[in-house]
Structure formats: structure tokens, C-alpha cells
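Please read through the structure below; I'll follow up with questions.
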Amino acid sequence: TSGRMELIAPLLGDFDVVGLQEDFIDENHDILDASSPHTLRVRFSELVEEERIYGSGLALWSDFREVERRQVHYSSCHGLLESSSDCFASKGFQAIRQELVPGVEVDFYNTHLEAGGGDEDNAVRAEQVSTLLESLTSWSAGRAVVFTGDFNLHGDDPADIPQLDRLITEAALLDSCIEVDCAEPERIDRIFFRDGAGVALQAESWQQDMEFFDAAGVPLSDHDALWARLSW
């Protein structure tokens, strides 16, 4: 809601890079944008087809300089008034190459994969993982990566495990939560990273941010605000 967005907005400036998902509503995005101190703010709001209602819902904000970007829609979805209604949105991914300091670049990715737990949803997620891998192994080949997102891949779901393993293995990703021995490694919201192009990344910490609650102690979003501190 717009009221919750007004509470979330001033909290986002504490982070060097922010990956947002489900940022679908223009008016609510404007509330976030008006409070942001980030010098780079990229929202992927284009519709993949005219019959879609929303854009991807993705926004990536950063204090670093943009070098190059690509934003890609996924080619399929499942469910309009069923199966989590993914086809209302134009889901996809953002990939923004950024310069930390002169000569030091990292590719920052952000995505929101298909929801739902049916066979059709599983098939769509598999296609989307393939699309991500194409970019991670070509456009970002040999490069350092930080990857935020709502992956909708459960580490304890037999249907999801192969896709999660494929993404991690084929793209040589590390999960920041697992790297610091966190207590909740199977969340669907993850912050991945990898080394590349002379840049070595290391996870120093990972946690849920406890400021993202209202005065009554209710979370401001149905997805907890998670952050990781990475050194390079």
C-alpha cells in the first residue's frame, strides 16, 4: 500500500545497492523514488505485451556508476486468474554493469521468477533459469556478479532443487546466506555473488533488517527485507 511504501522509502538509503521486486504500481514507485538518495535508479517498467497489466516490478538502485545495462523479459508465464497470476506481470531480469571504483566493475542482477507450484509453473521457471544462465555465461562471462531476487525456488522442494542447483552450478554462484552459515538458508529471496575479471568478492554478513516493521510490529512487506555485506 502507499502507506507502507512511505514507511519503506526512507529506509532504503542505508544501502549501497538495492534490488526491489514487486514494484508494480507507478504511484507507489514514485513514493520510493522521491526519498532515494541513490545516484543510479533503474526501473524495468515496460510491458512485454499490450495485454499485460504490469511491468516486471523490478528496480535496481545504486551508489555506483553505470557502465552498461540489459533488461530482458522472460518469454513465458503461466496463470492469469490462477496459479499466482504471473501473467499479469511482464517478468524478467535486470543486469547492470557498474564501476565500484575506476577499473573495478561488477555486474549487478535483479529478478523475480515465476511463482506457483504446479507443473506448468515449474516448466516456466526452468525456462527462466535457462534465460538467466544465457546472460550469466555470455554477457557476464568471466565477470564478477552480485545477484538479488525473489527466485521462487525452494531448497527443500524436489521440483525446485534441480533448477536451483543448475543456476548455482552453471553460473558458479555463491549464496551469501550460506557463506556466513546463516540460520535460514532456504529462503526464496537470495543474494548470490561470484568472483570474476580480477575482482574477488566475499560475504561478510547476512541478515534480515529489523527496521522494516511498522509501529505495531507488523512487517512492511510480505517478503522480509534481507541484506548482505560484501567485501571486495
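The values are calculated or read from the model by the stated rules, or taken from the named source; none is laboratory data. Remember, predicted model here, so these are calculated numbers, not experimental data. Heads up, the Cβs are rebuilt from the backbone with ideal geometry, glycines too, and the neighbour counts pull from every protein chain shown. These area figures cover heavy atoms from the full protein model, side chains too; ligands, DNA and RNA do not enter into them. Shrake-Rupley method; radii C 1.70, N 1.55, O 1.52, S 1.80 Å.
Scan region 43-62 for residues that are open to solvent by less than 20 Å² (accessible area, probe 1.4 Å) and either among the polar types (S, T, N, Q) or within 13 Å of the chain's Cα centre (by Cα) (or both) and jot them down.
Passing the criteria: Phe44, Ser56, Gly57, Leu58, Ala59, Leu60, Trp61, Ser62.
Okay, next question. Consider Tyr109 against the criteria (1) open to solvent by less than 10 Å² (accessible area, probe 1.4 Å); (2) under 17 Å from Gly57 (Cα atoms); (3) in contact with a His (Cβ under 7 Å, 6 or more places away or on another chain); (4) not β-branched (Val, Ile, Thr): it satisfies all of them except one. Which criterion is unmet?
Every condition holds for Tyr109 apart from (3).
While we're looking at this one, here's another question. Which residue is nearest to Leu80 (Cα to Cα), if the candidates are limited to region 95-126 and must be polar (S, T, N, Q) and in a strand (DSSP E or B)?
Thr111
Of the conditions (1) on the phi > 0 side of the Ramachandran plot; (2) surrounded by 21 or more Cβ atoms within 10 Å (Cβ to Cβ), Ser84 clears all except one; give me its number.
The failed condition is (2).
Same structure, new question: If I filter region 164-221 down to residues being touching a Pro at 6+ places or on another chain (Cβ under 9 Å) and more than 20 Å from Ser135 (Cα to Cα), which single residue comes out as least open to solvent (accessible area, probe 1.4 Å)?
If we take residues in region 164-221 being touching a Pro at 6+ places or on another chain (Cβ under 9 Å) and more than 20 Å from Ser135 (Cα to Cα), then Cys177 is least open to solvent (accessible area, probe 1.4 Å).
Still on this structure, please answer the following. When you scan region 131-148, do you find a residue that is hydroxyl-bearing (Ser, Thr, Tyr) and under 27 Å from Glu6 (Cα atoms), even just one?
Scanning region 131-148 turns up at least one residue that is hydroxyl-bearing (Ser, Thr, Tyr) and under 27 Å from Glu6 (Cα atoms).
Restricting to region 181-205, give me the number of residues that are within 23 Å of Arg97 (Cα to Cα), within 19 Å of the chain's Cα centre (by Cα) and outside any strand (DSSP E or B).
Residues meeting the conditions: 2.
Only residues that are part of a loop (DSSP other than H, G, I, E, B) and farther than 21 Å from Gly196 by Cβ: list them for region 139-176, please.
Asn152, Leu153, His154, Gly155, Asp156, Asp157, Pro158, Ala159, Asp160
Which numbered condition in (1) over 15 Å from the mean Cα position of the chain (by Cα); (2) open to solvent by less than 40 Å² (accessible area, probe 1.4 Å); (3) touching a residue at least 40 places away in the same chain (Cβ under 8 Å) is the only one that Arg4 fails?
Only one criterion is unmet by Arg4, namely (2).
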